[in-house]
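Undergrad: First, the structure itself, so that you have it in front of you.
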Amino acid sequence: MPDAQSHFAQHQNGDVHYETAGTGNTTLVLIHGWCCSARVWEHQLPLADKYRLILVDLPGHGRSPARADGTYSLEQSANAVRAVLDHAGVSRVTLVGHSMGGTVCTMFLRLHASLVERVLYIDSFFRAPEAYLTQAERQAKRALVSSDTNLARLLPAFCCSPHTPPSVLAAVIQMMVNDASTDVRLGTVMQDAWHAHALGRDECYPDIPALHICTEKYSFVDVDWPRLLPRLEMDSSSWRDHGHFFFQEDPERFNLQVEKVLSSGP
């Protein structure tokens, strides 16, 4: 398995950290979710034996510094990914987004469609769950995640199932408590800029294949999702009884599923 190499791409008022591994003809850009970082994909590095991997730390996550003004948006994150691809010299990619990372994939597609070959959503959504909450409900959730102690207490219910090994849960908690700035943690809950924008009347990408691999908990499909991506397919059965980080719970099976999807053609 090739070793991952660390890089920094310049983007607006801060660098964006990313890692690369492999040299295959197909490039997979792996985008982590809320309060995570590129290291969430460590068990997917064996895919570098067949594909070129780019693992991104979104702004304010991992080794990518927090923004000086403390504000974040889907556009900023998508354009940070674009800066990474420009720096890496990549012009055509398959996007792989977990949870909130899926919404970044969608925004990237809307801004830079010519670069996208396919999208794989992993236990994700079209609009973040907070987008359906009232302002009062968001304030209540903000209070729940404002401290490291509260966040760590909430995470088992958020990401676990009977299939989740204690070692995976411990690693996820450690990462989510430590790998994102407080501004990111709270801003994602409160700022509308993190949530999907209204679609244009004719905004549609009929030629882009997309697959959502999800647990039952994340099988809800917003009506605008297939409108934007008519070729969106759902797999809510393969990991039905697993937790939110099922690609860590059984990485070999997940990696084989990714290979199978990519080998099936467009």
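Undergrad: In whole Å and largest first, what semi-axes does the C-alpha gyration tensor of the chain yield when each eigenvalue is scaled by 5 and square-rooted? Provide the component values of the computation, followed by the final result.
TA: Working: eigenvalues 118, 90, 85 Å².
Working through the eigenvalues yields semi-axes of 24, 21, 21 Å.
Undergrad: Sticking with this structure for a sec: Tell me, what HN-Hα J-couplings in whole Hz come from the Karplus equation 6.51 cos²θ - 1.76 cosθ + 1.60 at θ = phi - 60° for each residue of the stretch 217-230, using x for Gly and Pro?
TA: 4, 10, 8, 5, 10, 4, 4, 7, 5, x, 5, 6, 10, x
Undergrad: If you don't mind, there's one more thing I want to ask. Under 5 Å between amide hydrogens, which residues at least 5 positions from ILE31 or on another chain qualify, with H placed 1.01 Å from N in the peptide plane?
TA: Those lying under 5 Å, H to H, from ILE31 are VAL96, GLY97, HIS98.
Undergrad: What list of ³J(HN,Hα) values in whole Hz, one per residue of the stretch 81-98 in order, does the Karplus curve 6.51 cos²θ - 1.76 cosθ + 1.60 (θ = phi - 60°) give from phi, with Gly and Pro shown as x?
TA: 4, 4, 4, 5, 5, 4, 5, 7, x, 10, 10, 8, 9, 9, 8, 10, x, 9
Undergrad: Using the alpha-carbon centroid of each, what span in Å lies between the stretch 1-75 and the stretch 242-266?
TA: Using only Cα atoms, the two centres lie 19 Å from each other.
Undergrad: List the residues, sorted by chain then number, that are 5 or more residues from HIS212 or on another chain and whose placed amide H is less than 5 Å from its amide H.
TA: Here TYR121, GLU233, MET234, ASP235 satisfy the definition.
Undergrad: When the Karplus curve 6.51 cos²θ - 1.76 cosθ + 1.60 is applied with θ = phi - 60°, which whole-Hz ³J(HN,Hα) does each residue of the stretch 243-250 get, with x for Gly and Pro?
TA: Values, residue by residue: x, 5, 10, 4, 6, 8, 5, 9 Hz.
Undergrad: Here's another thing I want to ask about it. Let me know the charge dipole size of the chain about its Cα centre in debye, to the nearest 20, where only the beta-carbon of Lys, Arg (+1) and Asp, Glu (-1) is charged. It would help to have the intermediate numbers written out before the result.
TA: Numbers: 22 positive and 30 negative charges, 42 e Å.
With Lys and Arg at +1 and Asp and Glu at -1, about 200 debye.
Undergrad: Give the share of C-alpha pairs in each 10 angstrom bin for the stretch 1-150, from 0 to the last occupied bin, in whole percents, shortest bins first.
TA: The calculated distribution, bin by bin, is 11, 41, 34, 12, 2.
Undergrad: Along each of the three principal axes of the Cα atoms of the stretch 64-187, give the extent in whole Å, ordering the values from largest to smallest.
TA: So the three principal-axis extents are 42, 36, 28 Å.
Undergrad: Quick check on packing: order 16-27, 164-175, 31-42 by the mean number of other C-beta atoms within 10 Å, highest mean leading. Walk me through the numbers before you get to the answer.
TA: Numbers: 16-27: 19.6, 164-175: 15.4, 31-42: 23.6.
Order by mean packing, descending: 31-42, 16-27, 164-175.
Undergrad: For each of HIS61, HIS242, count neighbouring Cβ atoms within 10 Å of the residue's Cβ, then give the residues from fewest to most. List each step's numbers first, then the result.
TA: Numbers: HIS61 28, HIS242 24.
Least to most surrounded, the residues fall as HIS242, HIS61.
Undergrad: Something else about it: Among ARG67, ARG153, ARG142, rank each residue by its count of other Cβ atoms within 10 Å, from fewest to most, as a rough exposure measure.
TA: ARG153, ARG142, ARG67
Undergrad: Going by C-beta contacts inside 10 Å, put LYS141, LYS260 in order with the fewest on the left. Don't jump to the answer; show the numbers that get you there.
TA: Values: LYS141 17, LYS260 9.
Lowest to highest Cβ neighbour count: LYS260, LYS141.
A short reminder: the numbers here are calculations on the coordinates, not readings from a lab. It should be emphasised that the depicted structure is a prediction, and the values quoted were computed from it without experimental measurement. Please note: Cβ atoms are built from the backbone with ideal geometry, for glycine as well, and neighbour counts cover all protein chains shown.
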